[in-house]
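Structure first, then comments.
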Amino acid sequence: MGPLAKIAAVVLAISFMTFVAFFGRLPALRRTPVAWLYRLIWVYIPRAVMDLDQKLTSGRLTSSLSRFGTFIMYDKHPTVLIFFVLLLSVSQYIAVPLAWPLISAVQKLTLSMAVFFPYLFTYLAAFTDPGIIDPSNHAYHMSQYPYDFTLFYPGTDCRTCHLLKPARSKHCSVCKRCISRMDHHCVFINNCVGANNARWFLLCLFSTAVLTSYGGALGMSLVIERAVARNPTWSMLPWRAVLSDGSPMSWSAWLLAWSWGLHERINIGAVSLLALLTSPLVWGLLGYNMWNVYTGVTTNESMKWSDWKDEMEDGFAYKRKMGPDHPKDPRVEPMWTRWPVEADQVLVRTENGRPPHPSLKLEGSGEWEQVWRLKDVENLYDLGFWDNLIDVMVPGHCFNDSDMPAVERRGRSKATEAPVS
Ligand SMILES: [Zn+2]
Ligand SMILES: [Zn+2]
């Protein structure tokens, strides 16, 4: 294998492993080869290595490796963020100065913008408060979303923060704080993705996706330029490439011309190849996050929905109606939220697959109805794609026309001061 093929193989392997690491645990891909590969790469192979290490060094190697892995994934420190920014900067340092004299004025402008925006949005995503909930802003975060009585029920305290958990919030074990509209903790930005910075996170993914595809394509066009200069009848499309006498070019001659172009512009070629190979991964992550916006869920909620799906298939899930003016408990529920809709269903899990016993004091009214499929329940937090997008891009945007009732002000302060059991 030549050095070029080695670089390509390593880059391809890294992109593939990262793809599997990111997507293998997604509930949507649970029964696909991606999840199977995830288990192979991240569970079965490490287990086999651990067994081998146990025999050879009685486990010393793997215990230090796993400490390192835990440190990288579950502690708050900027290692991965620094790695990501270094990867961007070093790639640009290697390729951009060489490409600069070769590109047009318009390309210089677009390339500068493509290079600049990922830094800006990474900075904003990493250093914006994601929506940390503390006593001073608790009432505000309580008024963001109503409880849906499906994924989020009123009256749960965070045992660490000693505050009532607002709907859609979650305690982050890495940041050790409760985060409003928690999506997930992201090691790339060393921060949670929550109500206040989800927009920067999306723009960070989008600008990086644009950079990797545009920068990669621009660099490759410079490589192709060299290949064509050497061999004017060559084309990047193998079926268009011909020899000087017009006869079709053999595969080996076609590849030879590629390697000639890459050889002449090795730095630009290597960085462009890395960019083009990682590009689908970044677009994929952006696509996954946009799908969540479309369906009105956070990553955290998509896992909860996935658990509900299993409960439903096992026959343990029951729902019943809840009136729009169900009596609210001002100690644990916001009387008014900026959200335009209120919960109209209660979803519960039963232990034995039979409807909840009437003696249980549960919310809602009427008969319990067994639920078998996710599509038979409402997602209160899905207002349709555009409103969901506004909700992400404009934190705190008010979707509710009705004024905050007077009782609300009393209710809110009570909810804020609710004692911790
Ligand atoms: Zn907490
Ligand atoms: Zn976090």
Give me a count of the residues in the stretch 146-167 that are away from ligand 1 (no atom under 12 Å from the Cβ) and in contact with an Asp or Glu (Cβ under 7 Å, 6 or more places away or on another chain).
6
Which one of the conditions (1) without any contact (Cβ under 8 Å) to a residue 60 or more places away in the chain; (2) among the aliphatic types (A, V, I, L, M); (3) away from ligand 2 (no atom under 13 Å from the Cβ) does Ile179 fail to meet, given that it meets all the rest?
(3)
For the stretch 152-167, does any single residue satisfy the condition of being open to solvent by 40 Å² or more (accessible area, probe 1.4 Å), assigned to a helix (DSSP H, G or I) and assigned by TED's automatic domain parsing to the domain that holds Ser207?
no
Any residue that is within 30 Å of Ala270 (Cα to Cα) and not polar (S, T, N, Q) - is there at least one of those in the stretch 174-186?
yes
Output the residues belonging to the stretch 123-141 that are within 16 Å of ligand 2 (Cβ to nearest atom) and open to solvent by less than 40 Å² (accessible area, probe 1.4 Å).
Ala125, Ala126, Thr128, Pro130, Gly131, Ile133, His141
Criterion first (in a loop (DSSP other than H, G, I, E, B), crowded, with 20+ Cβ neighbours inside 10 Å and touching a residue at least 12 places away in the same chain (Cβ under 8 Å)) does Trp234 satisfy it?
yes
Considering only the stretch 84-122, state which residues are surrounded by 16 or more Cβ atoms within 10 Å (Cβ to Cβ) and not in a helix (DSSP H, G or I).
Ile103
Give the number of residues within the stretch 195-207 that are buried (at least 24 other Cβ atoms within 10 Å of the Cβ) and either among the small types (Gly, Ala, Ser) or within 16 Å of ligand 1 (Cβ to nearest atom) (or both).
2
From the option list Ser143, Ser112, Ser136, Ser173, single residue qualifying as under 30 Å from Ala95 (Cβ atoms) and either among the polar types (S, T, N, Q) or within 14 Å of ligand 1 (Cβ to nearest atom) (or both) is Ser112
Does the stretch 50-65 contain at least one residue that is open to solvent by 70 Å² or more (accessible area, probe 1.4 Å), within 21 Å of the chain's Cα centre (by Cα) and either modelled with pLDDT under 85 or assigned by TED's automatic domain parsing to the domain that holds Met220 (or both)?
no
Number of positions in the stretch 349-392 that are touching a Lys or Arg at 6+ places or on another chain (Cβ under 8 Å) and among the hydroxyl-bearing types (Ser, Thr, Tyr)
2
Inspect the stretch 199-221 for any residue being assigned to a loop (DSSP other than H, G, I, E, B), in the same structural domain as Ala105 (by TED's automatic domain parsing) and not hydroxyl-bearing (Ser, Thr, Tyr) and give the result as yes or no.
no
Of the residues in the stretch 323-377, those that are assigned to a loop (DSSP other than H, G, I, E, B) and within 14 Å of Met312 (Cα to Cα) number 10
Given (1) within 16 Å of ligand 2 (Cβ to nearest atom); (2) part of a loop (DSSP other than H, G, I, E, B); (3) open to solvent by less than 50 Å² (accessible area, probe 1.4 Å); (4) touching a residue at least 40 places away in the same chain (Cβ under 8 Å), index of the condition Cys192 fails:
(2)
Mind telling me which of the residues Ser143, Ser169, Ser180 ends up being among the hydroxyl-bearing types (Ser, Thr, Tyr) and under 24 Å from Val80 (Cβ atoms)?
Ser180
Gly269: passes all of (1) assigned by TED's automatic domain parsing to the domain that holds Leu98; (2) on the phi > 0 side of the Ramachandran plot; (3) small (Gly, Ala, Ser) but (2)
So, in the stretch 168-180, exactly how many residues are at positive phi and either open to solvent by 30 Å² or more (accessible area, probe 1.4 Å) or in contact with an Asp or Glu (Cβ under 6 Å, 6 or more places away or on another chain) (or both)?
1
Criterion (open to solvent by 10 Å² or more (accessible area, probe 1.4 Å), away from ligand 1 (no atom under 15 Å from the Cβ) and under 14 Å from the mean Cα position of the chain (by Cα)) met by exactly one of Asp245, Asp183:
Asp183
Does Ala257 qualify as being in a helix (DSSP H, G or I) and free of Cβ contacts under 8 Å to residues at least 40 places away in the same chain?
yes
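The values are calculated or read from the model by the stated rules, or taken from the named source; none is laboratory data. Nothing here was measured: the structure is a model prediction, and the numbers come from that model. Reconstructed Cβ throughout: ideal geometry from the backbone, glycine too, with neighbour counts over all protein chains shown. Areas reflect the complete protein model, heavy atoms only, side chains present, ligands, DNA and RNA absent. Shrake-Rupley method; radii C 1.70, N 1.55, O 1.52, S 1.80 Å.
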